[in-house]
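Peer 1: One structure, pasted below without further comment.
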Amino acid sequence: MSSDLSLPRFSWRWIAVWRRNFLVWKKLAAESIFGNIVDPLFYMLGMGFGLGTMLPEVNGVTYIAFLAGGTVCYSTMFAASFEALYSGFARMHVQRTWDGILNAPIVLDDVVLAEWIWAASKSLLSGVAILLVVLALGLAQNWLAIFILPLAFLIGLTFAGMGFIMTAMAKSYDFFTFWFTIVLTPMVLLSGVFYPVGNMHPILQAVSSALPLTHAIELGRPLLLGKVPENILLHVGVMLAYGGVGFYIALVLFRRRLLK
Amino acid sequence: MREVPVLDAANIRKRYGDREVVAGLDMSLRRGECFGLLGPNGAGKTTTLRMLLGLTAPDAGAIRVLGHPVPQAAREARIRIGVVPQMDNLDPDFTVTENLVVYGRYFGFKDDALQARIPSLLQFAALESRANSRIQELSGGMKRRLVLARALINDPDLIFLDEPTTGLDPQARHVIWERLRKLLNQGKTILLTTHFMDEAERLCDRLKIIDEGKTIAEGAPRDLIRTHIEPEVLEVYGEQVEQWVEKMAKPLASRAEVTGETAFCYAAQVQPLIDSLQNYAHLSFMHRPANLEDVFLKLTGREMRD
């Protein structure tokens, strides 16, 4: 049916749906913030100081300073992905929250847009928490670190937009294991979170250059090291393309699933 | 002056694969009436409701709801519609009041307007003392009443109720029925689907029975009973009831149907049938007037639908 493929049309009603999700988050905020802070903190302390003692400087900085930029990017990526896949599926399918919303004067395009912005907001909230950890550990070199926050939001849009394709196709939560183990985990290993991409085999470097997380880290790592990133437009453009195309494909699939 | 129908659907159709789930339905609701949409499982009720709400586009036909073409202007139509879905989809993370506030925001209401409206909704749903309870703490009847209150958040002109009392105990059902009466008295129009024929008979001014996506009967409950079925029913039950049916009921009743150990005999006069039972002491019987369930079973058959 051709109307499944039509371009999205949004109204301001999406804000009411975003506020619904925000209200749920506020009720569980303490647990959520705790996780957002403690998880990357342990990772950076454990890997940075543990593994870091065995390593010389990486690209001219201490290992923990190198690791911080990658950690920000992959933590926020996971925050957005969990929200878009597990929580999104709960609201769409398990709790039937979307069904209730669609009986009100709100259309599916608005609901999916609200979920997209919300997942990016969760990524941003996670970014705030990690930035606090980074600041507390003295790993931010200068005020450029503040740009981690819009980057966190952009990372959220990128990975939630792609992840919604899985949500739209899922029959149960089990389906999401594929996304996390076959897509996201290898991406973390190939995108230069833990070691520089430049140390990898040329073929892997080529693969890496096509991955959205690589582009996120190309922005995030210099920001924490106090430098203005290079090729900003390229990196932002690649991430927006992944997120935007993913969002559109997912929206078509959501329409086929829910409006048939 | 001819009254404009609240809802008007003309020859709507919907096909999934090679099965036509809705095969040319007409429907028209008058302002202030309770209209019942009945049919066995898989008859096309849910698909019809989804099309009327603009959640599914019909393959053919025209729909107007509250003056708006659907699905083109379904959003505008839904501003004045309330929906009680078959499955409770209350927000489990929220309290009773929060559920109402959040739902009201979907209609674009400001929080202070909602705070002013919610006490009367809680009163209507008899949930005043539960305003700050979590959803998990509510009984099935309370949840259903809250879903009904939520459907009224926008003071709708037209209310869709999809099996509103399924799973409720008799007390809870009566409370829901009494509330629906109140809404009808306020001039609301109701579109109701149900599996309970007593519910339809009690509440509906008019109803439509559909099967395989087509209308098979339509009218006021009493008229349907009068035109489609004999006025008296004798239910006879016990072992080997078939023998009695073959020998006695078939000649005396205009129709006799056997399901398991029960025979349903339809006739204008049942006294001869009752007399014939004197030699069948092991059989028990119940004499009653024909009702909507008899019409429904006659028109849609007694075999199970899954």
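The values are calculated or read from the model by the stated rules, or taken from the named source; none is laboratory data. These figures come from a predicted structure and were not determined experimentally. Using ideal geometry, Cβ is built from the backbone for each residue, glycine included, and neighbour counts are taken over all protein chains shown.
Peer 1: Among the numbered criteria (1) in contact (Cβ under 8 Å) with a residue 60 or more places away in the chain; (2) in a helix (DSSP H, G or I); (3) not aliphatic (A, V, I, L, M), which one does residue A:82 miss?
Peer 2: Result: residue A:82 fails condition (1) only.
Peer 1: When you check residue B:170 against the structure, is it within 26 Å of residue B:79 (Cβ to Cβ), at pLDDT below 95 and not aromatic (Phe, Trp, Tyr), yes or no?
Peer 2: It is false that residue B:170 is within 26 Å of residue B:79 (Cβ to Cβ), at pLDDT below 95 and not aromatic (Phe, Trp, Tyr).
So that you can scan it fast, the table gives a plain yes or no per residue for (1) out of contact with any Asp or Glu (no Cβ under 8 Å at 6 or more places or on another chain); (2) at pLDDT 95 or above; (3) not assigned by TED's automatic domain parsing to the domain that holds residue B:155:
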residue: B:42; (1), (2), (3): no, no, no
residue: B:54; (1), (2), (3): yes, yes, no
residue: B:68; (1), (2), (3): no, yes, no
residue: B:83; (1), (2), (3): no, yes, no
residue: B:92; (1), (2), (3): yes, no, no
residue: B:105; (1), (2), (3): no, yes, no
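Peer 1: Residues B:128, B:163: which one is in the same structural domain as residue B:54 (by TED's automatic domain parsing) and surrounded by fewer than 17 Cβ atoms within 10 Å (Cβ to Cβ)? Please lay out each step first, then the result.
Peer 2: Details: B:163 fails: surrounded by fewer than 17 Cβ atoms within 10 Å (Cβ to Cβ).
The unique qualifying residue is B:128.
Peer 1: Restrict the check to the stretch A:239-260 and report whether at least one residue is among the charged types (D, E, K, R), in contact with a helix residue (DSSP H, G or I) (Cβ under 9 Å, 6 or more places away or on another chain), closer than 27 Å to residue A:143 by Cβ and surrounded by 15 or more Cβ atoms within 10 Å (Cβ to Cβ).
Peer 2: no
Peer 1: Starting from residues that are away from chain B (no Cβ under 14 Å) and in a loop (DSSP other than H, G, I, E, B), keep the ones in the stretch A:2-32 and report whichever is nearest to the chain's Cα centre (by Cα).
Peer 2: A:8
Peer 1: Output the residue which, of all residues in the stretch B:245-261 that are exposed (fewer than 15 other Cβ atoms within 10 Å of the Cβ) and of a type in the set (Gly, Ala, Ser), is nearest to residue B:304 (Cα to Cα).
Peer 2: Step by step, filter the stretch B:245-261, then rank; the result is B:260.
Peer 1: Of all helices (runs of 4 or more DSSP H) completely enclosed by the stretch B:231-306, which ones contain at least 2 residues that are free of Cβ contacts under 8 Å to residues at least 12 places away in the same chain? Reasoning before the result, please.
Peer 2: Values: elements: B:241-244, B:271-276, B:292-300.
Where helices (runs of 4 or more DSSP H) fall fully within the stretch B:231-306 and carry at least 2 residues being free of Cβ contacts under 8 Å to residues at least 12 places away in the same chain, they are B:271-276.
Peer 1: Give A:148, A:106, A:130 a once-over and let me know the one that is in contact (Cβ under 8 Å) with a residue 60 or more places away in the chain, within 27 Å of residue B:52 (Cα to Cα) and hydrophobic (A, V, I, L, M, F, W, C).
Peer 2: It is A:106.
Peer 1: Filter the stretch A:106-135 down to the residues that are farther than 27 Å from residue B:136 by Cα and touching a Lys or Arg at 6+ places or on another chain (Cβ under 8 Å), then identify the one that is nearest to the other protein chains (Cβ to nearest Cβ).
Peer 2: A:107
Peer 1: I want to confirm something. Restricting to the stretch A:223-260 and keeping residues that are among the hydrophobic types (A, V, I, L, M, F, W, C), within 14 Å of another protein chain (Cβ to nearest Cβ) and assigned to a helix (DSSP H, G or I), which single residue is nearest to the chain's Cα centre (by Cα)?
Peer 2: In this case the residue turns out to be A:254.
Peer 1: Still on this structure: Consider residue A:35 against the criteria (1) free of Cβ contacts under 8 Å to residues at least 12 places away in the same chain; (2) surrounded by fewer than 17 Cβ atoms within 10 Å (Cβ to Cβ); (3) within 14 Å of chain B (Cβ to nearest Cβ): it satisfies all of them except one. Which criterion is unmet?
Peer 2: If we test residue A:35 against (1) free of Cβ contacts under 8 Å to residues at least 12 places away in the same chain; (2) surrounded by fewer than 17 Cβ atoms within 10 Å (Cβ to Cβ); (3) within 14 Å of chain B (Cβ to nearest Cβ), just (3) comes out false.
Peer 1: Got at least one residue in the stretch B:20-32 being out of contact with any Ser or Thr (no Cβ under 6 Å at 6 or more places or on another chain), among the β-branched types (Val, Ile, Thr) and closer than 20 Å to residue A:260 by Cβ?
Peer 2: No: the stretch B:20-32 contains no residue that is out of contact with any Ser or Thr (no Cβ under 6 Å at 6 or more places or on another chain), among the β-branched types (Val, Ile, Thr) and closer than 20 Å to residue A:260 by Cβ.
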